[in-house]
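Worksheet: one structure, shown below.
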Amino acid sequence: MPVSVLINSLYRQIIFQDDIPFKLALPGNRELQMPCPPTEVDAMLEHSYAQFVAGEGMLFDDAFEELKRGLA
């Protein structure tokens, strides 16, 4: 599944729930560390948004159908 489909799905859930749909924490008192610098995250999000605006990617339902076929 393209990253843009996952991000678009996450956007939809954030809008639908008016919140982040999962807890952003680690067990215990450990600090949450980003896997890459915030500037890189921003660049990836901008790229994904540009793909969405350009009509690239696939519909949410189609993406999950493709996932199901891949797991079968």
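The values are calculated or read from the model by the stated rules, or taken from the named source; none is laboratory data. Because the structure is predicted, anything quoted here is derived from the model rather than measured. Only protein heavy atoms, including side chains, enter the accessible area calculation; ligands, DNA and RNA are left aside. Shrake-Rupley method; radii C 1.70, N 1.55, O 1.52, S 1.80 Å.
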Quiz prompt | Over the chain, relative contact order from alpha-carbon pairs under 8 Å, at least 6 apart, % | solution = 50
Quiz item: Between (1) -0.65, -0.75, -1.20; (2) -0.68, -0.84, -1.22; (3) -0.55, -0.68, -1.54, which matches log10 I(q)/I(0) by the Debye sum over Cα atoms at q = 0.15, 0.17, 0.28 Å⁻¹ calculated for the structure shown?
Solution: (2)
Quiz item: Using a 1.4 Å probe, what is the accessible area per residue for the chain, in Å²?
Solution: 87
Quiz item: What part of the accessible area of the range 32-72, given as a whole %, is carbon or sulfur when the probe is 1.4 angstrom?
Solution: 61
Quiz item: Using θ = phi - 60° and the Karplus curve 6.51 cos²θ - 1.76 cosθ + 1.60, what whole-Hz ³J(HN,Hα) does each residue of the range 40-56 get, with Gly and Pro shown as x?
Solution: 6, 4, 4, 5, 5, 5, 4, 5, 5, 5, 4, 4, 4, 4, 6, x, 7
Quiz item: Which value in deg cm²/dmol, rounded to the nearest 500, describes the helix-derived mean residue ellipticity at 222 nm for the chain, given -39,500 (n - 2.57) per DSSP H run of n ≥ 4 and division by the residue count?
Solution: -19500 deg cm²/dmol
